[in-house]
Amino acid sequence: MKHITSLTALLSVFLPFLASAQMMPDSTVQVCAYWQKGDRAVYECKSSTVKIDKEGKETTANASSETRIFEVIDETEHSYLLQTSYKDVFSSELSMSVGADVLNRISEGITIRTQTDEFGTVEKVVNVDEVTEALRAGIPAIIDGVLAKYDKKDLKELGVSRQELIDTYTAIACRPESIVSTCMEDVAPLLLYHGARLRLDEEYSIPYELQSPLPNTTGTLPLDLHFWVDEEQSDSSFVVIRSFFEADDETMMPFIRESAVNSALTAAPEHLSADKVEEEVDRSIAESHTRVSMKQYTATVVHLDSGWTTEWWSKRIVTKTDDDGETKTVVEREVTLVDE
């Protein structure tokens, strides 16, 4: 097995609830959860966003990290209830503008509860209202953290009040679809293949709905997800599943437009109507002949005797082409099980 996690560390985590391995004698592998109430898994999560300009120069737009704690808080014959909580949250972008202590305090006040089926496959987020209220309560502190870095005279010239900013960002962040999308982004990828019985020598392709593929967007992007077992990297204790998807310009452009419009609306002067903002965005996209595509590569390592994902890595590349040339945004994320 050629993955990073130490087998010794893993054994100390999984000894309390080991079951029989699920590498089948018929060249298939079964990915299931074997959890009990009280089981927990702690993950270190890292992410980086790199912008590559038309000359090929790379600039780190954001680097973030956090500790994410999964706990089984209830179980039935046919389902599990998982709780996800956070600590040690850092974002080079948000921690600088808001303040690291503020970001941590708000993040630690948020817990996500998700229901899975008996195999550990995510079915739904069950506490959307609770997460929404936690975010709503934290937004004033975020706005105050940002405003504290500006001169009061400059803020007065902008003509935007503290309450207006709170209302604007609350409306954006507290949309139910945005809440669900964010929650699922943190939980679902680690449990995507639970319940699946996969042949070692076959590549699979299934319809897949990607939640809110770009910042400030809603809805889902329909894709074909291709995945397969990396037999060389797997053994009787761990399975490595690799996946790939891509989206062309036709499917991406509605989300590019929505992201641009929502960003523009946030910064638009009060006298500029929403219709006018949309017209300006559409004109800019058309005049620059903007085209956008996206690709993502992912690897998931699952410990078969417990069902916990031990490592998850993804690389998403969004390529934007216009009359001036090509730029790229590369987002890499890594989630690793750790021994507390």
Here the residues within the stretch 63-108 that are touching a residue at least 40 places away in the same chain (Cβ under 8 Å), part of a loop (DSSP other than H, G, I, E, B) and more than 17 Å from Ile139 (Cβ to Cβ) are Glu77, His78
If we keep only residues of the stretch 212-229 that are more than 22 Å from Leu265 (Cα to Cα) and surrounded by 15 or more Cβ atoms within 10 Å (Cβ to Cβ), then the residue nearest to the chain's Cα centre (by Cα) is Leu221
Considering only the stretch 93-107, I want to know if a residue exists there that is more than 19 Å from Asn62 (Cβ to Cβ), surrounded by 13 or more Cβ atoms within 10 Å (Cβ to Cβ) and not acidic (Asp, Glu).
yes
Gly56 passes all but one of the listed conditions (1) over 30 Å from Gly325 (Cβ atoms); (2) of a type outside the set (A, V, I, L, M, F, W, C); (3) modelled with pLDDT of 90 or more; the exception is number (1)
Per the list (1) within 30 Å of Gln163 (Cβ to Cβ); (2) surrounded by fewer than 17 Cβ atoms within 10 Å (Cβ to Cβ), residue check on Ala264 breaks on (2)
Note: among Ala21, Ala41, Ala33, just one is at pLDDT 50 or above, aliphatic (A, V, I, L, M) and in a loop (DSSP other than H, G, I, E, B), namely Ala33
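The values are calculated or read from the model by the stated rules, or taken from the named source; none is laboratory data. These numbers come from a predicted model, not from an experiment. FYI the Cβ positions are ideal-geometry reconstructions off the backbone, even for glycines, and counts take in every protein chain you see.
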